[in-house]
Amino acid sequence: MNTKKLPALALLALLPAIAACTSQPTGAATPAKAAQAASSKSLPYPAAAANQTRWIISPAAIAAAAPNNTQPETIRVEIIAGKTMQVDCNTHFLTGTLKEEVLQGWGYTYYQFHTTGNAASTRMACPPNDKPRTAFVAAPSITVPYNAKLPLVIYTPKGYHVQYRLWQATPAFLPAANE
């Protein structure tokens with residue numbers, strides 16, 4: 001055997017091990033990978049538990065709602081969890097909180113809605129002809145930054161819904177008055 005070829009053969013044998021050390025581990029989190037997973041409906045987020053519903057606000061839906069915005073970093077998303085209920089003329093609101101959680105192994109955030117299911121309202125007298133109506137009764141909302149590469153994922157108890165609003169900054173800074 002030629003002893004000059006021995007170091008080259010040893011190096012060739014070590015190449016797979018070296019490549020494994022320098023590449024990202026299988027399943028490593030990258031925004032491109034998460035966006036691809038979101039678009040293919042195989043989200044890295046866990047499926048909803050039997051007593052929960054998973055809600056997705058996709059980057060495409062947000063981009064469609066703000067078509068003229070060329071600066072995604074100026075968009076904020078208000079997430080509102082609530083329930084459709086029979087209400088009267090009073091202002092109704094739901095108890096509950098949206099809590100930010102981190103997806104283990106990925107580092108991405110998702111939101112969990114916790115509620116006791118109790119609703120409250122103002123106590124004004126309603127007009128005599130006022131009939132009950134069906135309306136979305138909201139819990140306190142949260143506002144989060146928009147990420148054009150990742151969906152917003154929210155888990156609620158069954159029977160609750162998620163709605164959202166977009167908030168956008170003006171394109172230019174505005175001066176404050178000096179008094």
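The values are calculated or read from the model by the stated rules, or taken from the named source; none is laboratory data. In this text the structure is predicted, and so the values were computed from the model without any measurement. Counting neighbours? That spans all protein chains shown, and the Cβs are built from the backbone with ideal geometry, glycine included.
If you check residue 113 against the conditions, is it outside any loop (DSSP other than H, G, I, E, B), out of contact with any Lys or Arg (no Cβ under 7 Å at 6 or more places or on another chain) and under 28 Å from residue 68 (Cβ atoms)? Walk me through how you get there before you give the answer.
Numbers: outside any loop (DSSP other than H, G, I, E, B): yes; out of contact with any Lys or Arg (no Cβ under 7 Å at 6 or more places or on another chain): yes; under 28 Å from residue 68 (Cβ atoms): no.
Answer is no for this residue.
Checked across segment 141-149, the condition of being in a loop (DSSP other than H, G, I, E, B), touching a strand residue (DSSP E or B) at 6+ places or on another chain (Cβ under 7 Å) and either in contact (Cβ under 8 Å) with a residue 12 or more places away in the chain or not acidic (Asp, Glu) (or both) holds for at least one residue. Can you find a residue in segment 154-176 that is farther than 30 Å from residue 59 by Cα and either under 16 Å from the mean Cα position of the chain (by Cα) or free of Cβ contacts under 8 Å to residues at least 12 places away in the same chain (or both)? Yes: segment 154-176 contains one or more residues that are farther than 30 Å from residue 59 by Cα and either under 16 Å from the mean Cα position of the chain (by Cα) or free of Cβ contacts under 8 Å to residues at least 12 places away in the same chain (or both). For first residues located in segment 109-128 and over 30 Å from residue 145 (Cβ atoms) and touching a residue at least 60 places away in the same chain (Cβ under 8 Å), partners that are of a type outside the set (A, V, I, L, M, F, W, C) and not in a loop (DSSP other than H, G, I, E, B) and lie 6+ apart or on another chain with Cβ distances below 6 Å do not occur. State yes or no: is residue 73 modelled with pLDDT under 90, in contact with a strand residue (DSSP E or B) (Cβ under 8 Å, 6 or more places away or on another chain) and either acidic (Asp, Glu) or outside any strand (DSSP E or B) (or both)? Considered against the rule, which asks whether it is modelled with pLDDT under 90, in contact with a strand residue (DSSP E or B) (Cβ under 8 Å, 6 or more places away or on another chain) and either acidic (Asp, Glu) or outside any strand (DSSP E or B) (or both), residue 73 comes out as yes.
Just one residue in the set 64, 50 is modelled with pLDDT of 85 or more, assigned to a helix (DSSP H, G or I), over 15 Å from the mean Cα position of the chain (by Cα) and of a type in the set (A, V, I, L, M); that residue is 64.
Looking across 120, 135, one residue alone is farther than 29 Å from residue 64 by Cα and part of a strand (DSSP E or B). It is 120.
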